[in-house]
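I have placed the structure first, in the form of structure tokens, so that the comments after it can refer back to it.
The values are calculated or read from the model by the stated rules, or taken from the named source; none is laboratory data. Everything quoted here is computed from the prediction, not taken from an experiment. Reconstructed Cβ throughout: ideal geometry from the backbone, glycine too, with neighbour counts over all protein chains shown. Heavy atoms of the whole protein, side chains included, go into the accessibility calculation; ligands, DNA and RNA do not. Shrake-Rupley method; radii C 1.70, N 1.55, O 1.52, S 1.80 Å.
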Amino acid sequence: MPRPYSSGVIAAPVELVWAQLRAFNDLPSWHPAVGGSELVEGVDGQVGAVRRLTMASGGDPFDEKLITLDDTIRTFTYTFTGANPFGVRRYLSTVRVSPITDTGETFVEWWAEYDADASQEQELNTTFADGVFGTGIKELREKLA
């Protein structure tokens, strides 16, 4: 099972980084690949919330559902609910935020597990690890610095 992963350090306190990330419907404010987000079910930042995303590059909208959220250890997991622009099946993505205690910075990890055709896995791993997660962490770093 593929597990694309990206991580980075953000020069901001963990509370600030976590507040930005945990705002589930606020993804377009810091991720350049996301053109829009609309909450279509539930309450933002609560398990069960569903956001409908549109990519900045266009295409059909797709939904993501928040399935876990833990403010104590600063982590959440979400999944696609139906068709998605990547054509993957059984997708789970997790974000975790931890304080770097000696510098006051924040360590961010973002990864996924998914099922897809074996012939697509290498391209999808790069897309997720670099294009989605890595770009998101980089843009978040610039926004919060």
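Return the residues of the range 27-38 that are surrounded by 14 or more Cβ atoms within 10 Å (Cβ to Cβ) and part of a strand (DSSP E or B); say none if nothing qualifies. Outline the logic, then answer.
First pass over the range 27-38, keeping only residues surrounded by 14 or more Cβ atoms within 10 Å (Cβ to Cβ): 27-28, 30-31, 33-35, 37.
Once the filter is applied, which keeps residues that are surrounded by 14 or more Cβ atoms within 10 Å (Cβ to Cβ) and part of a strand (DSSP E or B), the range 27-38 yields Val34, Gly35, Ser37.
Of the numbered conditions (1) open to solvent by 50 Å² or more (accessible area, probe 1.4 Å); (2) under 17 Å from Gly136 (Cα atoms); (3) in a strand (DSSP E or B), Leu16 fails exactly one; give the number of that condition.
Answer for Leu16: the failing condition is (3).
Please enumerate the residues belonging to the range 101-140 that are of a type outside the set (Asp, Glu), more than 14 Å from the chain's Cα centre (by Cα) and open to solvent by 70 Å² or more (accessible area, probe 1.4 Å).
Thr101, Thr103, Ala118, Ser119, Gln122, Thr126
Among Thr54, Thr106, Thr135, which is the only one that is out of contact with any Gly (no Cβ under 6 Å at 6 or more places or on another chain) and assigned to a strand (DSSP E or B)? Please lay out each step first, then the result.
On the way: Thr54 fails: out of contact with any Gly (no Cβ under 6 Å at 6 or more places or on another chain); Thr135 fails: assigned to a strand (DSSP E or B).
So the residue among Thr54, Thr106, Thr135 that is out of contact with any Gly (no Cβ under 6 Å at 6 or more places or on another chain) and assigned to a strand (DSSP E or B) is Thr106.
Could you check the range 57-92 and list, in sequence order, the residues that are closer than 15 Å to Trp110 by Cα and either in a loop (DSSP other than H, G, I, E, B) or in contact (Cβ under 8 Å) with a residue 40 or more places away in the chain (or both)?
Those that are closer than 15 Å to Trp110 by Cα and either in a loop (DSSP other than H, G, I, E, B) or in contact (Cβ under 8 Å) with a residue 40 or more places away in the chain (or both): Leu66, Leu69, Ile73, Arg74, Phe76, Tyr78.
Which of the residues spanning the range 62-84 are closer than 20 Å to Leu39 by Cα and in contact with a helix residue (DSSP H, G or I) (Cβ under 8 Å, 6 or more places away or on another chain)?
Hits for the range 62-84 are Leu66, Leu69, Phe76, Tyr78.
Sort out which residues of the range 46-100 are closer than 17 Å to Leu124 by Cβ, open to solvent by 40 Å² or more (accessible area, probe 1.4 Å) and touching a Pro at 6+ places or on another chain (Cβ under 7 Å), and write them in order of number.
Within the range 46-100, Met55, Gly59 meet the criteria.
Considering only the range 114-125, state which residues are assigned to a helix (DSSP H, G or I) and without any contact (Cβ under 8 Å) to a residue 12 or more places away in the chain.
Selection gives Ala118, Ser119, Gln122, Glu123.
Return the residues of the range 50-106 that are on the phi > 0 side of the Ramachandran plot and modelled with pLDDT under 95; say none if nothing qualifies.
Gly58, Gly59, Gly82, Gly87, Arg90, listed by residue number.
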